[in-house]
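Everything on this sheet refers to the single structure shown next.
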Protein chains: 2
Amino acid sequence: MQLFYHPDLSPELAAGGSYPVTLSDAESLHATKALRIRNGDAIVLTDGKGYFYNGIIEHADSRATLVMVDSASKDERPYSPSLTLAIAPTKNPDRIEWLVEKITELGVANIILIRCEHSEKDRLNLDRLNRLLVAAMKQSNRSMLPALQGNIAFTELMNEPLPEQRFIAWCETGNEEHIKNLLKPGKDTVILIGPEGDFSSEEVNLAMRNGFTPVSLGNFRLRTETAGLMAVTFFNVINS
Amino acid sequence: MQLFYHPDLSPELAAGGSYPVTLSDAESLHATKALRIRNGDAIVLTDGKGYFYNGIIEHADSRATLVMVDSASKDERPYSPSLTLAIAPTKNPDRIEWLVEKITELGVANIILIRCEHSEKDRLNLDRLNRLLVAAMKQSNRSMLPALQGNIAFTELMNEPLPEQRFIAWCETGNEEHIKNLLKPGKDTVILIGPEGDFSSEEVNLAMRNGFTPVSLGNFRLRTETAGLMAVTFFNVINS
C-alpha cells in the first residue's frame, strides 16, 4: 500500500464529513505518473501527526491532484517513547541524508542538527532533508513525521526544553558505561552525538552540568552517522 | 590513527623478524597522496584476521609502497560471537553498498547475498563491495574483515554449514515473536532478511525445516537494508 502525506489534514475536519484537499506537486506527479492513480481510486493518507485518512481521488492531475477525504483513524500501534537525536552533521551531506532516512524508518520523534566547536562547515539543505523525512515516513507506513531542526549551536541546545533522560556519546576516558546499562525503557530521551572531531571537553562539561550522562556505544570507533543510527536502533529495540 | 590492510600478513612471519610487504595500488596511492607518508614513518597494519602489525615505510611510492613489518599483536578487544547476515540484495545497488559499509563498522562476521524466489535482478559488483568492506574495517579500526559471499541461491544456502541459532525475519502472520525475545546472547547466529517482495511461503517452510525460527523486527515496515541494519545492531548491543 502506498501512503500519501498532507500536512493540513485533521481528524476534526474529517469528522465533519467529506472534504477536499489538493496533493502537493511532488505527490501529484508521483501519484499520476508512477502509481497511475485515476479518478475514483481509493487512497490512504497521513497527516504526519499520528492519524490515517481514507480518501477518494476526485481529480487526478500531475500537478494538483484533488482528493476527497472522508474518514480519520488513529494509528494505534505502540510507538516508542519520544526520542530526540541531536547530532552534528557530517561534512559529507550524503551521510546525514541517509541517516535521516534510516532513523525515520526505525523511529525518532525529533532530529536536531547541532553546530559544535569541532564541527566542520556543512552544506545543509533542510528542504531536501524534510523531503527525505516525508518519503521515509511513507515508505515505512508510519503516521508520525519527525520534527527536524537545523543548525542549532551546542550552547543554545542546552537552553532548549529537552526530555529528562539525557545522554552524550563520548568515549574520551574509556571508562564511560555502555548506554545499554543506563538507558531506562519507557522514558522520553535525548541522545547527543558529536562531530567527526568529537565534542570539546568544555561541551562535555556543559552537557554534564545540564544533566547529561556520558556513555559509550561500544568498543569500536564509529562514524558520526553510524553512532546516530546505533543509538536510535538501540532505543527502539529496548522500547519495543 | 590510519590503519592499513594487507591480506598476506601473519603473526608467524612477524615472529621471525622484520619482513617486507608491498601495499596495494589503492593503499599506496592513499598513503602517499592523502596521508603524505614518507620513508621512515611508522604505520599500523591489519591482516583482517584479528591481528595488528607495526611497520616502517621503507619506500613510499604511489603505486607500490614497501613496508617493513616487524611485530604482531592480537586484537584483544571483546568481539561479539560470530554473526552471519544472509540478505537478498536490493534492486538499487547503493542501498546494499551502504549496508555493507555500516554493518562492517557495527560488527558482522559473514555477509551472504542470497537470491530468492521474489528477488529482482540485481547488479552486484562483488569487487566494489569488498573494497567497501576493507575501507569500513580500517575506518572503524577493526582487525576482522567480514567474509562476503555473493549470489547464493536460497535453497543452496540451506545446505551450507550455518550457526545453530537461526532466525528468518518474516512478518506474514503478525504472530511472530520479536527477535529480542528469542535471540540468546553469546551464541553464533545467522539471520535471514528477504527481498523487497519478501520470502515466498515455500522458502519460509524450507527454512523452518532447517531449524530457522520466524521472527519480527518490530511493528513497522522496514526496507530490506534497514532490516539488515537493525538485526546487526541489535545482535551487537545484546552481545556487548
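Out of B:E27, B:E12, B:E101, B:E117, one residue alone is in the same structural domain as B:A153 (by TED's automatic domain parsing) and either of a type in the set (K, R) or part of a helix (DSSP H, G or I) (or both). It is B:E101. Is it the case that some residue within segment B:193-210 is assigned to a strand (DSSP E or B) and touching a helix residue (DSSP H, G or I) at 6+ places or on another chain (Cβ under 9 Å)? Yes, that holds for at least one residue.
So that you can scan it fast, the table gives a plain yes or no per residue for (1) small (G, A, S); (2) within 14 Å of chain A (Cβ to nearest Cβ); (3) within 19 Å of B:P195 (Cα to Cα):
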site: B:I57; (1), (2), (3): no, no, no
site: B:D70; (1), (2), (3): no, no, no
site: B:D75; (1), (2), (3): no, yes, no
site: B:L85; (1), (2), (3): no, no, yes
site: B:T90; (1), (2), (3): no, yes, yes
site: B:D94; (1), (2), (3): no, yes, yes
site: B:R115; (1), (2), (3): no, no, yes
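Residue by residue, here is whether (1) out of contact with any Cys (no Cβ under 8 Å at 6 or more places or on another chain); (2) touching a residue at least 24 places away in the same chain (Cβ under 8 Å); (3) surrounded by fewer than 17 Cβ atoms within 10 Å (Cβ to Cβ) holds:
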position	(1), (2), (3)
B:L162	yes, yes, no
B:F199	no, yes, no
B:E202	yes, yes, yes
B:F212	yes, yes, no
B:R223	yes, yes, no
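Under the condition of being of a type outside the set (S, T, N, Q) and within 14 Å of another protein chain (Cβ to nearest Cβ), the residues counted in segment A:199-222 number 6.
Anything in segment B:125-146 that is surrounded by 15 or more Cβ atoms within 10 Å (Cβ to Cβ) and outside any helix (DSSP H, G or I)? List them, or say none. Of everything in segment B:125-146, those that are surrounded by 15 or more Cβ atoms within 10 Å (Cβ to Cβ) and outside any helix (DSSP H, G or I) turn out to be B:S140, B:N141, B:R142, B:S143, B:M144, B:L145, B:P146. Considering segment A:55-83, and only residues there that are of a type in the set (D, E, K, R) and assigned to a loop (DSSP other than H, G, I, E, B), the residue that is surrounded by the fewest Cβ atoms within 10 Å (Cβ to Cβ) turns out to be A:E76. Selection of first residues in segment A:30-58 that are more than 11 Å from A:Y5 (Cα to Cα) and of second residues that are surrounded by fewer than 16 Cβ atoms within 10 Å (Cβ to Cβ) and hydroxyl-bearing (S, T, Y), restricted to Cβ pairs under 7 Å at least 6 apart or on distinct chains, gives the following pairs, ordered by first then second residue: A:T32/A:S62; A:K33/A:S62; A:N54/A:S71.
The values are calculated or read from the model by the stated rules, or taken from the named source; none is laboratory data. Keep in mind it's a predicted model, so treat the numbers as computed, not measured. Note: ideal-geometry Cβ built from the backbone for every residue, glycine included; neighbour counts use all protein chains shown.
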